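Colleague: Handing you this structure, nothing more for now.
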Amino acid sequence: MMETLNTIIDIFSLTLVLIGAVLIFIAGIGLLRMPDLYLRMSAATKAATLGVGLILAGTGLYLGTFVAIGRALLIFLFILATIPISAHLIGRAAYTTGVP
């Protein structure tokens, strides 16, 4: 019974990590394929934030301790607070300097 539960948790955490890695890969493609700074910034911030969040969720779930889950949650909250703010500031600086 316990081995089955551990296997299910392992598969679910692996799925979360793989989906997160795919989203980060898509963000990288978005950085290369988008035509201007604002679209690149949007693709990178949205996909990378969700991708890192899913990787952290999968890692916290795989480790399974309250400390690991708490640290993953705190790291995700920090990333959730800093990435959109930094993207906004980069976009604002590009707009004020006249970047097309």
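The values are calculated or read from the model by the stated rules, or taken from the named source; none is laboratory data. In this text the structure is predicted, and so the values were computed from the model without any measurement. Here the Cβ is made from the backbone with ideal geometry for all residues, glycine too, and neighbour counts use every protein chain on show. Note: areas computed on protein heavy atoms with side chains; ligands, DNA, RNA excluded. Shrake-Rupley method; radii C 1.70, N 1.55, O 1.52, S 1.80 Å.
Colleague: Heavy-atom accessible area per residue, the range 38-100, 1.4 Å probe: how many Å²?
Modeller: Values: 4210 Å² over 63 residues.
Normalised by residue count, the accessible surface of the range 38-100 is 67 Å².
Colleague: A further question on this structure: I need the calculated FRET efficiency for the pair Leu18 and Ser86, taking r as the beta carbon distance and R₀ as 35 Å, to the nearest 0.05.
Modeller: Numbers: r = 27 Å, r/R0 = 0.76.
Calculated value: 0.85.
Colleague: A further question on this structure: Once phi is turned into θ = phi - 60°, what whole-Hz ³J(HN,Hα) does the Karplus curve with 6.51, -1.76 and 1.60 give for every residue of the range 84-90, x standing for Gly and Pro?
Modeller: x, 5, 5, 5, 4, 5, 5
Colleague: What list of ³J(HN,Hα) couplings, whole Hz, do you get for the range 62-75 from phi and the Karplus terms 6.51, -1.76, 1.60, once you set θ to phi - 60° and write x for glycine and proline?
Modeller: Once θ is set to phi - 60°, the couplings for the range 62-75 become 5, 5, x, 8, 5, 5, 5, 5, x, 5, 4, 5, 5, 5 Hz.
Colleague: Pairwise over distinct Cα atoms, reciprocal of the mean inverse distance: report the Kirkwood radius of the chain in Å, one decimal place.
Modeller: After inverting the pairwise mean of 1/r, the radius is 14.9 Å.
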